[in-house]
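Engineer: Please read through the structure below; I'll follow up with questions.
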Amino acid sequence: MRCNKIRLISFLGFLVILLVSFNVFLLSKLNSVSGEGYLIRFKNLLEKQLDFKQLPTDSSGQYKVDVNFLLAKTHVLKEELDVTLVTHCTSNHLHYLLELTEHWKGPISLAVFIPGYDAVTSFTSLLGLYQCHEAFRDRVTVHLVYPLSHPPAENVLHPHWKQALSQQGNCNKFLAKLKSNVVGGEHGRNYANVKVPYPNNLLRNVGRSILPPEAYILVVDVDMMCNGDLYSSFLEYAQHINLMVNKVKRVFVVAAFESVKKLSPSLTKKELLGLWDSGSVQPFYYQTCWKCQKHLDYDAWKSYISSDNNLQIAYSVDWKDPWEPFYIAPNHVPLYDERFKQYGFNRISQVCETHTAGYDFVVLNSAFLIHHGFKTRDGFHSAKDEENNRNRDLFRTFKKELKSKYPQSTSHC
């Protein structure tokens with residue numbers, strides 16, 4: 001019996017030495033490529049204690065939410081005017097952050113949806129990005145959302161966190177795997193093929209929750225890339241019109257497109273129009289829901305020529321159902337209705353309320369978004385129509401509720 005105790009104590013001592021050595025190894029390796037501030041932040045990650053049971057739940061009681069799980073070096077909260085890109089995804093789409101940080105040069109607020117079975121994969125990718133990608137580390141603040149319907153095993157996160165830490169290694173190998181999507185697995189589980197409804201609107205609201213009402217936001221899906229100077233050009237334009245002082249209820253619409261191939265962040269509007277004419281670029285949802293996008297008036301946007309190359313308002317548009325544009329807006333626009341999940345009506349419900357709440361819609365002359373790949377009618381997951389029908393019924397109820405919420409409004413969906 002005594003020998004067994006000695007062996008157990010020796011084994012535990014060896015395990016402690018091994019873990020300490022591993023931490024020292026990681027820190028010493030990072031020391032060659034990073035400054036002292038980063039070492040302190042990464043050391044805090046190594047020592048991070050994740051307590052799933054202590055995380056707050058959302059208002060529905062269906063999800064645990066960990067806000068500011070990873071805090072960007074350049075904190076998104078600023079006193080001066082700034083624009084934060086708000087996005088969301090599951091682990092198999094985290095590879096898009098490599099590109100997104102090239103196209104958007106400002107702060108990013110990312111909400112990641114993590115069913116229990118996906119915890120290790122999500123932690124591994126997020127840690128790898130934080131360790132190996134400077135733009136991610138400097139500008140991306142990460143929040144986590146866990147569905148209580150599919151929690152981690154035994155409602156415990158720490159073993160998954162430790163397992164992810166143990167898998168950190170060579171950055172070149174990690175980034176290569178992430179770019180090819182081996183880490184997350186393009187064909188791995190996601191909301192489309194398991195029974196875990198994807199709460200896109202909750203994720204959007206979580207991403208917005210860290211920002212004050214007067215901050216500006218651009219809410220997009222993670223696979224949509226903007227022209228590379230959009231962040232800087234909008235800030236310059238905002239300063240030019242003194243947007244912080246001349247506060248108006250206005251959203252700035254960004255024209256959206258789809259492309260058959262990845263496009264450079266340096267792509268200009270002139271070059272985009274050339275690709276459009278050649279057929280390798282088309283307006284967003286052109287084949288799947290043209291009525292949802294055509295109200296932007298793409299011909300007017302295409303033909304608009306400004307006297308200089310500066311970003312400016314090209315024209316205004318009166319919103320009409322079922323237009324669902326993407327836009328830069330003050331964070332005091334209405335939140336997203338979290339009852340909408342999966343596919344259908346999740347974005348347009350927020351656009352509809354923004355219109356009802358009295359916001360104007362103006363289109364920017366040279367700003368654009370590019371979605372990866374052409375969307376086609378046969379390219380959606382099998383449950384898409386069923387989800388769309390269910391959310392259509394909810395949208396009818398939602399529109400009735402808006403009449404009570406905004407009784408004095410002359411704008412309706």
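The values are calculated or read from the model by the stated rules, or taken from the named source; none is laboratory data. Worth saying up front: this structure is predicted, and the values here are computed from it rather than measured. Cβ placement follows ideal geometry from the backbone for every residue including glycine, while neighbour counts extend to all protein chains displayed. Please note that ligands, DNA and RNA were not included when accessible areas were found on the heavy atoms of the full protein model with its side chains. Shrake-Rupley method; radii C 1.70, N 1.55, O 1.52, S 1.80 Å.
Engineer: Go through the range 270-304 residue by residue and tally those that are crowded, with 20+ Cβ neighbours inside 10 Å and in contact (Cβ under 8 Å) with a residue 60 or more places away in the chain.
Structural biologist: Counting residues in the range 270-304 that are crowded, with 20+ Cβ neighbours inside 10 Å and in contact (Cβ under 8 Å) with a residue 60 or more places away in the chain gives 5.
Engineer: Please count how many residues of the range 274-332 are of a type in the set (D, E, K, R) and within 23 Å of C413 (Cβ to Cβ).
Structural biologist: The qualifying residues number 7.
Matching residues to (1) polar (S, T, N, Q); (2) assigned to a strand (DSSP E or B):
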position: E80; (1), (2): no, no
position: L85; (1), (2): no, yes
position: E99; (1), (2): no, no
position: K105; (1), (2): no, no
position: A111; (1), (2): no, yes
position: D118; (1), (2): no, no
position: T121; (1), (2): yes, no
position: L129; (1), (2): no, no
position: F136; (1), (2): no, no
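Engineer: Just wondering, is there one or more residues in the range 52-65 that are out of contact with any helix residue (DSSP H, G or I) (no Cβ under 6 Å at 6 or more places or on another chain), among the hydrophobic types (A, V, I, L, M, F, W, C), in contact (Cβ under 8 Å) with a residue 12 or more places away in the chain and open to solvent by less than 10 Å² (accessible area, probe 1.4 Å)?
Structural biologist: No, the conditions are met nowhere in the range 52-65.
Engineer: Any residue that is buried (at least 22 other Cβ atoms within 10 Å of the Cβ), assigned to a helix (DSSP H, G or I) and either aliphatic (A, V, I, L, M) or in the same structural domain as C89 (by the TED database) (or both) - is there at least one of those in the range 142-158?
Structural biologist: Among the residues of the range 142-158, not one is buried (at least 22 other Cβ atoms within 10 Å of the Cβ), assigned to a helix (DSSP H, G or I) and either aliphatic (A, V, I, L, M) or in the same structural domain as C89 (by the TED database) (or both), which makes the answer no.
Engineer: Looking at K43, is it modelled with pLDDT of 80 or more and in a helix (DSSP H, G or I)?
Structural biologist: no
Engineer: State yes or no: is E236 in a strand (DSSP E or B), out of contact with any Leu (no Cβ under 6 Å at 6 or more places or on another chain) and either surrounded by fewer than 17 Cβ atoms within 10 Å (Cβ to Cβ) or assigned by the TED database to the domain that holds F361 (or both)?
Structural biologist: Working: in a strand (DSSP E or B): no; out of contact with any Leu (no Cβ under 6 Å at 6 or more places or on another chain): yes; either surrounded by fewer than 17 Cβ atoms within 10 Å (Cβ to Cβ) or assigned by the TED database to the domain that holds F361 (or both): yes.
No, not satisfied.
Engineer: Can I ask one more? Taking L394 as the residue in question, decide whether it is hydrophobic (A, V, I, L, M, F, W, C), assigned to a helix (DSSP H, G or I) and either modelled with pLDDT of 95 or more or within 23 Å of the chain's Cα centre (by Cα) (or both).
Structural biologist: Judged against the criteria, L394 is not a match.
Engineer: I want to confirm something. Restricting to the range 159-169 and keeping residues that are assigned to a helix (DSSP H, G or I) and in contact (Cβ under 8 Å) with a residue 40 or more places away in the chain, which single residue is nearest to L211 (Cα to Cα)?
Structural biologist: The extreme case among them is W161.
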